[in-house]
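Heads up: the structure comes next, in structure tokens.
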Amino acid sequence: MLDKMEQTNFSGVAYLAAKEPWAMARGFADRANERPNAIDTRFGIGSGSKAFTAVVVCQLVEEGKISFEDQLSHLLPKTFPHFNVTIHQLLTHTSGIPDYFDEQVMDDYEDLWKQRPMYRMQTASDFIPLFKELPMMFKPGERFHYNNAGYIALGLIIENVTGKEFTDVVTARIFEPAEMRNSGYFSLDRLPGQTAFGYIEEEGMWRTNQYAIPVRGGADRGAYVTASDMANFWNCLMNGTLLTKDMLPKMLQASATRNNSDYGYGIWIQTQANGALKYHIMGHEPGVSFHSAFYAAEHNVLTVLSNKSEGAHELAMTLEELKIGKE
């Protein structure tokens, strides 16, 4: 494991919430001032934030305010009159609506902000012009195609239904009941204490990701969490704090498939060699690398957070092999 960290020059935190907890921190949260990462450091999690959006949508369905079969064009007719796709399809990346950043075609997320200021991308509405006039990619429900814009649309639906800003809704409905006291959607130019700066390596030099990602996260990406907060999230999701026993199976059922993994609502689902299920979420963008998983058989939670663009997934797989099921 130490070899793996050395090979990747890992910078971040790894935490296994289990019967016998294990944690480690390595590297710097602030390279200029040599402030080290600590177990309670906040890190950006990129697309891992989609799970929070999915939970809120499921809560609103439970409350009868929307249904999974409601169409985007009916819910937001002025904004998306031609996108006749369902909430279910948006949640499962099977809608076919155009994406503002198509990860299967585009290589560098940072390229998006060469033509438009990243500091203006602060709310879900700011992303609408990036994709609303583009053509559909395929017929709704035809196949899985990972889609960031689909979750932007879900964030707009949440705001329309609740009458509140998306980030405030997540704070009230997820962070507070799950006791995720150190989590939030923070602006890059106003990061609170104990937060790691994201770093991008270029020709042996380092720079922060301040100009590489939107200034504030939202429905498709960009929350900040600590490792222990992620353990709280998984435990509260699975124990009925966030969703009822009737809704949770719907969120966690396999609704789409890519390669060897199934996808539910905002969460990947994978069967282990021993037949047990692993539910996991991931995030990857400039200066951010994240992997967090709940192992159903052991009820363990493994979270790896990194303030570099690579490293979390590789270390998580190593730790999974060494530690999961070994307690």
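For this structure, a couple of remarks:
- Fewest-first ranking of V57, V161, using other Cβ atoms within 10 Å as the exposure measure: V161, V57
- Using a cutoff of 8 angstrom between alpha carbon atoms and counting only pairs six or more residues apart, the relative contact order for region 92-187 works out to 38 percent.
- Two-decimal Rg to Rh for region 100-197 - Kirkwood Rh, Cα set: 1.00
- Among E203, E110, E165: highest mean-square fluctuation, GNM of the chain, C-alpha pairs under 10 Å: E203
- Close Lys-Lys pairs in region 13-133, where close means Cα under 29 Å and separation is 8 or more or interchain: 10
- The calculated P(r) of region 1-139, using every Cα pair and 10 Å bins from 0, goes 9, 26, 28, 21, 15, 1 in percent.
- Loop-exposed trypsin sites (Lys or Arg not before Pro) per DSSP, neighbour cap 11 Cβ within 10 angstrom, longest uninterrupted part of the chain: 79-244
- For region 2-323, the extents of the C-alpha atoms along the principal axes are 52, 46, 35 Å, listed from largest to smallest.
- Ascending count of other beta-carbon atoms within 10 Å, so fewest first, for F43, F131, F83: F131, F83, F43
- 3J(HN,Hα) along region 197-206: 6, x, 10, 10, 8, 9, 6, x, 10, 10 Hz, from the Karplus curve 6.51 cos²θ - 1.76 cosθ + 1.60 with θ = phi - 60°, whole Hz, x for Gly and Pro.
- Our coupling estimate for region 31-38, obtained by passing each phi through the Karplus curve with A = 6.51, B = -1.76, C = 1.60 and θ = phi - 60°, is 5, 4, 9, 6, 7, x, 5, 10 Hz, Gly and Pro reported as x.
- Note on the chain: GNM, Cα springs under 10 Å; of G264, G218, G240, the largest mean-square fluctuation is that of G240.
- In the chain, taking the dipole from charged Cβ atoms about the Cα centre, the farthest positive-side position among T241, G218, S183 is held by T241.
- Here the 3J(HN,Hα) profile of region 237-245, calculated from phi with Karplus coefficients 6.51, -1.76 and 1.60 at θ = phi - 60°, is 5, 7, 9, x, 5, 9, 9, 6, 5 Hz, Gly and Pro shown as x.
- Normalised by the number of residues in region 2-323, the mean separation of alpha-carbon contacts (under 8 Å, six or more apart) gives a relative contact order of 26 percent.
- Distant-in-sequence amide H partners of G264 (H built 1.01 Å from N, under 5 Å): S255, I269
- Sequence of D70, D189, D168 once ranked by neighbouring C-beta atoms within 10 Å, starting from the fewest: D189, D168, D70
Every read-out reported here was derived from the displayed coordinates using simple, explicitly stated rules and does not represent laboratory data. What you see is a predicted model, and the numbers here were worked out from it, not measured in a lab. Every residue, glycine as well, gets a Cβ built from its backbone with ideal geometry; the counts of neighbours run over all protein chains shown.
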